[in-house]
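Here the structure comes first, spelled out in structure tokens, and everything after it is commentary.
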Amino acid sequence: MMARLAFSGVRKNYGQLQALQGIDLEIGEGELLVLVGPSGSGKTTALRLVAGLERVTAGTIHIGARDVTGMSPAQRNVSMVFQSYALFPHLTVAENIGFGLRARRVRRREADARVSAAAELVGCNHLTSRKPFELSGGERQRVALARALAREPDVFLLDEPLSNLDAQLRVETRANFKRLHRRLESTAVYVTHDQVEALMLGDRVAVLNEGVVQQVASPHEIYRHPVNRFVATFIGSPAMNIVTAVVERDAILAGPFRIDTAGEDGRLVGRRVALGVRPEHVNVAPDGDGWPARVELVESAGDETVLHLIVEGQLLVASVGPKLRPAVGATVRAKIERSRIYLFDAESGVTLVTPL
């Protein structure tokens, strides 16, 4: 159950709307690639084009050595898991898992064996006689996965399959899916708008915006070395702080912040840039060095405290440990180290400098 999947110059238009603008993307055999981006970025459209549920406006899609661009969905040998799970309410779990096999006229004995094996793989073999209305959300999700597995597809396509689960079950199911993928070594494309989910699941992550692939890289590379301002601000929670800045001979001036750059390469001197710093790289202390900052909001999440600070009218979000919990209205000291900043071109958003 492995095949390379490749998009070559794929475009999709809906009238005047360009949903995908010529994407080139290759997913290797056995790879789990996560497509992530805001609503309307083209993630689900890309998935539906692979499945054959939409027609390509231009470009080609290959699965293995086959050009499937003009093929019907039934000819492509892909399985898709939808956000809604799309289970038939009048069929049992076993009948739902085996529905695609019956449609393809797989022999009864073989179909029963594949249904049983798929149900056991995802841990729903004890549910096979039940109807969907008797299942929890997590159990329905497992049945939908088992149905996809039973078809033994070349490529798995998953469209936000965890979005209907509660937070705790989502974390548990995400880990189970990751383990299942490693066991099967199947080629899979997983769509989500949740960038935390993308970083935790993907072998690689592809970030889309307005129908354009912004960057494709490992989760570590995407987070540490984003290619532009969009990727930098979309990936990471809380989001990266961005301040308009100008580079001078010995410092970067960003609103109320002056960051010393004495002795560094002067190629950016005089250039207008956007300065970025992640909340976990903003140092906060009750007193000492740094800029005076008024605490506007305190958000607590167990071992993490998120502070919304105001420095001379500029908002700065800091993620600190649980020991520092200043009161709203208190004054603290905030500091940004030169080694922690990103610089982006003010016009194009292209990354100029990443942390050392």
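The values are calculated or read from the model by the stated rules, or taken from the named source; none is laboratory data. As the structure is a computational prediction, the values presented were derived from the model and not from experiment. No Cβ is skipped: glycine too gets one built from the backbone with ideal geometry, and neighbour counts run over all protein chains shown.
Can you find a residue that is touching a Leu at 6+ places or on another chain (Cβ under 9 Å) and on the phi > 0 side of the Ramachandran plot anywhere in region 14-22? No, region 14-22 contains no residue that is touching a Leu at 6+ places or on another chain (Cβ under 9 Å) and on the phi > 0 side of the Ramachandran plot.
Could you identify the single residue in R325, R340 that is closer than 14 Å to N283 by Cα, surrounded by 14 or more Cβ atoms within 10 Å (Cβ to Cβ) and not aromatic (F, W, Y)?
Details: R325 fails: surrounded by 14 or more Cβ atoms within 10 Å (Cβ to Cβ).
Result: R340 is the single residue among R325, R340 that is closer than 14 Å to N283 by Cα, surrounded by 14 or more Cβ atoms within 10 Å (Cβ to Cβ) and not aromatic (F, W, Y).
Of the strands (runs of 3 or more DSSP E) lying entirely inside region 1-50, those carrying at least 3 residues that are in the same structural domain as R174 (by TED's automatic domain parsing) and either surrounded by fewer than 22 Cβ atoms within 10 Å (Cβ to Cβ) or modelled with pLDDT under 95 (or both) are 5-14, 17-27. Would region 200-211 turn up any residue that is in the same structural domain as L165 (by TED's automatic domain parsing), polar (S, T, N, Q) and at pLDDT 95 or above? Yes, region 200-211 contains at least one residue that is in the same structural domain as L165 (by TED's automatic domain parsing), polar (S, T, N, Q) and at pLDDT 95 or above. Considering region 73-182, the qualifying helices (runs of 4 or more DSSP H), each wholly inside and each with 1 or more residues that are in contact with a Phe, Trp or Tyr (Cβ under 6 Å, 6 or more places away or on another chain) and modelled with pLDDT of 85 or more, run over 93-97, 137-150.
Quick check on I61: is it crowded, with 19+ Cβ neighbours inside 10 Å, in a strand (DSSP E or B) and either more than 23 Å from the chain's Cα centre (by Cα) or free of Cβ contacts under 8 Å to residues at least 60 places away in the same chain (or both)?
On the way: crowded, with 19+ Cβ neighbours inside 10 Å: yes; in a strand (DSSP E or B): yes; either more than 23 Å from the chain's Cα centre (by Cα) or free of Cβ contacts under 8 Å to residues at least 60 places away in the same chain (or both): yes.
When the stated conditions are applied, I61 passes them.
The residue of region 64-101 that is surrounded by the fewest Cβ atoms within 10 Å (Cβ to Cβ), among those that are of a type in the set (S, T, N, Q) and over 30 Å from L135 (Cβ atoms), is S72. Summed over region 220-238, residues that are within 14 Å of the chain's Cα centre (by Cα) and part of a loop (DSSP other than H, G, I, E, B) total 4.
Against the test of being hydroxyl-bearing (S, T, Y), touching a Gly at 6+ places or on another chain (Cβ under 7 Å) and farther than 30 Å from H220 by Cα, the options S8, S72 yield a single qualifying residue, S72. Of all the residues in region 187-204, those that are outside any helix (DSSP H, G or I) and closer than 26 Å to R151 by Cβ number 9. Criterion applied to R130, R140 was being surrounded by 14 or more Cβ atoms within 10 Å (Cβ to Cβ), farther than 23 Å from E31 by Cα, more than 26 Å from the chain's Cα centre (by Cα) and not polar (S, T, N, Q), and the one residue passing it is R130.
What are the residue pairs meeting all of these: first residue in region 311-322, first residue within 8 Å of P256 (Cα to Cα), second residue not in a strand (DSSP E or B), Cβ atoms under 8 Å, and 6 or more apart or on different chains? Within 8 Å, the pairs are V311/G255; V311/P256; E312/G255; E312/P256; Q314/G255; Q314/P256. Can you name every residue in region 39-58 that is over 17 Å from N77 (Cα atoms) and touching an Asp or Glu at 6+ places or on another chain (Cβ under 9 Å)? Scanning region 39-58 gives G40, S41, G42, K43, T44, T45. Among residues of region 250-263 that are in contact (Cβ under 8 Å) with a residue 24 or more places away in the chain and assigned by TED's automatic domain parsing to the domain that holds R338, those with a beta-carbon under 7 Å from a residue that is part of a loop (DSSP other than H, G, I, E, B) and surrounded by 15 or more Cβ atoms within 10 Å (Cβ to Cβ) at least six positions away or on a different chain give the pairs I252/T261; I259/I341.
With respect to A285, determine if the residue is in contact with a Lys or Arg (Cβ under 8 Å, 6 or more places away or on another chain), outside the structural domain of L49 (by TED's automatic domain parsing), over 30 Å from A188 (Cβ atoms) and crowded, with 17+ Cβ neighbours inside 10 Å. No; evaluated as a whole, the condition is false for this residue.
If you check V273, V317, V243, which single one turns out to be touching a helix residue (DSSP H, G or I) at 6+ places or on another chain (Cβ under 6 Å), within 16 Å of Y342 (Cβ to Cβ) and part of a strand (DSSP E or B)?
V317
For F156, are the conditions met, namely being farther than 26 Å from S39 by Cβ and either aromatic (F, W, Y) or exposed (fewer than 15 other Cβ atoms within 10 Å of the Cβ) (or both)? Spelling it out, it is not the case that F156 is farther than 26 Å from S39 by Cβ and either aromatic (F, W, Y) or exposed (fewer than 15 other Cβ atoms within 10 Å of the Cβ) (or both).
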